[in-house]
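Read-outs: derived from the displayed coordinates by stated rules, not from any lab. Everything numeric here is computed off the predicted structure, so don't read it as measured data. All Cβ positions, glycine included, derive from the backbone under ideal geometry; neighbour counts span all protein chains shown.
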């Protein structure tokens, strides 16, 4: 199927193995990705992971600022199929209706659950025990198109957003490779989504990164691991934002108000929650790297923290 003309649209690291596999099996005529970003005080230009992969293979790169206005070059390339994955912009209907085999999307959830831009984070934060990959036809809605195929992935109790990202990334490639021939041959399934079953995974807001210890221990545990390794959960102690990277659910209950630090030892920084406690086992203070609790204790006095409150 090397003669099949494919345009791939995507941006983050999650999509790189998908693009790499498509390049090796099909004729990828162009890649569409988000514009370059300026990062840091020096405003250093940073390419997206997908742009870097396209450059590696010498593939044509398009980076429209607003694809709903800058679509003509995509149409002029006359792709047979457009494949998207975490591209980051809404694709206009004039593009969706153009390719012979349509536009399909590789989405990191079991649709109609977790439509939106942060399905990996929200699967853990919301306490799901499974998620997966869905390959679907695109339409003008947000992840609302007809479903073609799925691959389920179990969420373990110790998974973080990073480990789940890697598991879903690994599942996406064989699913896409197995699905594409059916799409081209016209033998694929096409299942409408049940909108009554839909949930949403909008991009993580700054407010959602903040840990409120008035929540249950389980909710906090899921929040911390669901934001690891990006963007990271945090809470405020002595007017300082402390990043909370890893934790364990405690076995104790206390009369102190939620957010109170009740103990600090090699097992963790124990903080009171709505229904018990949670042990912070890896954290990060401003200007420092992530550190496990043993390293934190070595550089700090326990008595300076016990009795203080996260807010």
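Here are some notes:
- Annotation: peptides 65-71, 85-91, ranked by per-residue average of other Cβ atoms within 10 Å with the highest first, follow the order 85-91, 65-71.
- In terms of other Cβ atoms within 10 Å, 39, 16 run from fewest to most in the order 39, 16.
- For segment 207-304, the percent of C-alpha pairs falling in each 5 Å distance bin, counted from 0 to the bin holding the largest distance, reads 3, 14, 26, 29, 20, 8, 1.
- Within the listed set 107, 210, 121, the residue fluctuating most in the Gaussian network model of the chain (springs between alpha-carbon atoms under 10 angstrom) is 210.
- Percentage relative contact order, segment 207-304, counting C-alpha pairs under 8 Å, at least six apart: 26
- Ellipticity estimate at 222 nm from DSSP helix runs (n ≥ 4, -39,500 (n - 2.57)) divided over the chain, nearest 500: -7500 deg cm²/dmol
- Size descriptors for the chain, from the alpha-carbon set: Rg then Dmax equal 22.4, 69 Å.
- Relative counts (whole %) of C-alpha pair distances in segment 216-257, using bins that are 5 Å wide: 6, 21, 23, 24, 19, 6, 1
- Principal-axis tilt of helix 217-226 within the chain, Cα atoms, nearest 10 degrees: 40
- DSSP bridge analysis restricted to segment 5-197 gives an antiparallel fraction near 50%, rounded to the nearest 5.
- Degrees, to the nearest 10: 161-185 long Cα axis against longest axis of the chain: 20
- Evaluated over segment 239-292, the Cα radius of gyration and Dmax, each in Å: 11.3, 34
- Relative packing of peptides 29-37, 152-160, 110-118, 138-146 - highest average C-beta neighbours within 10 Å first: 110-118, 29-37, 138-146, 152-160
- Cα-based radius of gyration for segment 37-189, normalised by 2.2 N^0.38 Å, reads 1.13.
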